[in-house]
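See structure below.
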Amino acid sequence: MRIKEWPAHERPREKLLQRGPESLSDAELLALFLRTGLRGRTAVDVARDLLSRFQGLRPLLDSGLGPLCDTPGIGPAKSVQLKAALELGRRYLEATLRRDVVLASPEQTRLFLKARLRSYQHEVFACLFLDNRHRVICFEELFGGTIDGASVYPREVVKRALHHNAAAVIFAHNHPSGVAEPSPADRAITQRLREALGLMDVRVLDHLVIGDDEVVSFAERGLL
């Protein structure tokens, strides 16, 4: 049965209009992007198959364009649409941390940093530079590494902080393993950075470790 023949309250588009996007399942949201299914299968059926094949929504969206393009039911055009939608979401979160916005919500900061760093397959060390009122100056990804770690150089971090005339910083890096627990190396480099920046009167407000489903805050753990 085609989706058009379903009861109105069960069709993804009508359901969204009546009850909002949060009422849709992952498969129904994905079906809205696919728009059409395959012979004998609705867009929702195809979406469910895709989620099963990639083992969830996040692995599906994190996959490269190649695997997506080669998947029946997606192809190049829909792959591009999905990647564009994902990038729109990231930019929306980044816009909430645009220049001169005061970081009033720790959760807002976590959401932004998770969206930027969680999908990397290698470790990336990044920094939010803030003024003396904790307004955002800019966000920079400073160092990248292998799946095992990133080399972080305090001298370069100090140079970037001085370049932006930052009064405070928030560090963040991802753990490709998915486990957000800070390692001894994470603690050691944070202390070195704090000492180096302290000489320039730049405060380290936090260091967030990004895992799959968890973000660990050094500040909340009492590690700063």
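The values are calculated or read from the model by the stated rules, or taken from the named source; none is laboratory data. Small disclaimer: the values here were computed from a predicted structure and weren't measured. With ideal geometry, Cβ positions are generated from the backbone for all residues, glycine too; neighbour counts draw on all protein chains shown.
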Exercise. Are any residues in segment 4-48 more than 19 Å from residue 61 (Cβ to Cβ), at pLDDT below 80 and in a helix (DSSP H, G or I), and if so, which ones?
Worked result: 4, 5, 8, 9, 10
Exercise. Out of the residues in segment 163-200 that are touching a Leu at 6+ places or on another chain (Cβ under 8 Å) and among the polar types (S, T, N, Q), which is farthest from residue 122 (Cα to Cα)?
Worked result: 190
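Restricted to segment 121-137, and to residues that are modelled with pLDDT of 85 or more and either touching a Pro at 6+ places or on another chain (Cβ under 7 Å) or among the aromatic types (Phe, Trp, Tyr) (or both), which residue is surrounded by the fewest Cβ atoms within 10 Å (Cβ to Cβ)? Before you say what the answer is, go through the steps one by one.
If we filter segment 121-137 for residues that are modelled with pLDDT of 85 or more, which is where we start, we get 122-137.
Then keep just the ones that are either touching a Pro at 6+ places or on another chain (Cβ under 7 Å) or among the aromatic types (Phe, Trp, Tyr) (or both); that gives 122-123, 125, 129.
Values: 122: 13, 123: 22, 125: 25, 129: 21.
That would be 122.
Mind telling me which of the residues 140, 195, 156, 181 ends up being within 21 Å of residue 107 (Cβ to Cβ) and surrounded by fewer than 19 Cβ atoms within 10 Å (Cβ to Cβ)?
181
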Seminar exercise, completed: Given the conditions (1) without any contact (Cβ under 8 Å) to a residue 12 or more places away in the chain; (2) in contact with a helix residue (DSSP H, G or I) (Cβ under 9 Å, 6 or more places away or on another chain), every one holds for residue 159 apart from (2)
Exercise. Of the residues that sit in segment 66-92 and are farther than 15 Å from residue 33 by Cβ and not aromatic (Phe, Trp, Tyr), which one is farthest from the chain's Cα centre (by Cα)?
Worked result: 72
Exercise. Tally time: how many residues in segment 35-46 are closer than 16 Å to residue 68 by Cβ and either touching a strand residue (DSSP E or B) at 6+ places or on another chain (Cβ under 9 Å) or buried (at least 21 other Cβ atoms within 10 Å of the Cβ) (or both)?
Worked result: 2
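Tell me the residue from 24, 17, 51, 30 that is more than 23 Å from the chain's Cα centre (by Cα) and either assigned by TED's automatic domain parsing to the domain that holds residue 86 or loosely packed, with under 14 Cβ neighbours inside 10 Å (or both), please.
Working: 24 fails: more than 23 Å from the chain's Cα centre (by Cα); 51 fails: more than 23 Å from the chain's Cα centre (by Cα); 30 fails: more than 23 Å from the chain's Cα centre (by Cα).
Going through 24, 17, 51, 30 in turn, just one is more than 23 Å from the chain's Cα centre (by Cα) and either assigned by TED's automatic domain parsing to the domain that holds residue 86 or loosely packed, with under 14 Cβ neighbours inside 10 Å (or both): 17.
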